[in-house]
Each structure stands twice: as structure tokens, then as C-alpha cells.
Amino acid sequence: LNGIDAEIFEFLAKAGSPITRKPINKLKFPHAAIIGGVIRDNQGIIATGDLQVQPGDHVVVFTLPEAFDAVDRMFRS
């Protein structure tokens, strides 16, 4: 993104990873990052608070560099 430090990443949600254990609004997701959307079965889904990420989902995340490691850990099993 031009003019700001934020970056956009796509993560694959693995079975057993923290991101798949609770709805988005119940996760301890880093404050310097936001889930922009989810791709499930080739369908785009807007990431609302009650959405629960499922194993195999592709998740688009906007994050500042200092939050990347914490976000990455959310997707590891």
C-alpha cells in the first residue's frame, strides 16, 4: 500500500490452529492487524465478527509489520 506501512497477506488456516478455534470477535487478534476477508470453497466471504475461520480457508489480513509474527502464529497448528 502506497504511503503507509501496512501490508496485505493471504494465510491458509490449518487444522488445529488458533484462528480456527473461535469466531473472529472472540480471538485475541493483534490490534495492528485486521482480517479483510475469507475465501472458502472459492467463495469470497466478508469477515464479520461472528465468522469462524475453518481449516482450509484462505484468509486475507491487513497488518502493520510489527504485528506480522503474532498474526502468523494464529495460523500455525
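Values quoted throughout were computed directly from the atomic coordinates according to the rules given, and no laboratory measurement underlies them. Since the model is a prediction, treat every value here as computed from it, not as a measurement. Cβ coordinates were reconstructed from backbone atoms using ideal geometry, including for glycine residues, and neighbour counts include every protein chain displayed.
Observations on the model:
- Considering helices alone, the calculated mean residue ellipticity of the chain at 222 nm is -2500 deg cm²/dmol, with DSSP H runs of length four and up weighted by -39500 (n - 2.57) and normalised per residue.
- Here's the picture: charge each Lys and Arg Cβ at +1 and each Asp and Glu Cβ at -1 in the range 13-68, and of ILE35, VAL59, GLY49 the one pushed furthest to the positive end of that dipole is GLY49.
- All distinct Cα pairs of the chain go into the 1/r average, and the inverse of that average, the Kirkwood radius, is 12.4 Å.
- Model label sites at LYS22 and GLN52, defined 7 Å from Cα along the beta-carbon direction, differ in position by 1.3 nm.
- The aspartates and glutamates whose alpha-carbon is closer than 18 Å to the alpha-carbon of LYS22, local same-chain residues fewer than 8 away aside, are ASP50, ASP57, ASP72.
- GLU66 versus PHE9: modelled label distance in nm, points set 7 Å from Cα along the beta carbon direction: 1.6
- Take every pair of alpha-carbon atoms less than 8 Å apart whose residues are at least six positions apart; their mean separation over the length of the chain yields a relative contact order of 47 percent.
- Loop-located trypsin sites (Lys or Arg not before Pro) in the range 1-63 (DSSP state other than H, G, I, E, B) with a sparse environment of at most 10 neighbouring Cβ atoms within 10 Å: LYS28.
- Summing +1 for each Lys or Arg and -1 for each Asp or Glu among the other residues whose beta-carbon sits under 13 angstrom from that of GLY49 gives +1.
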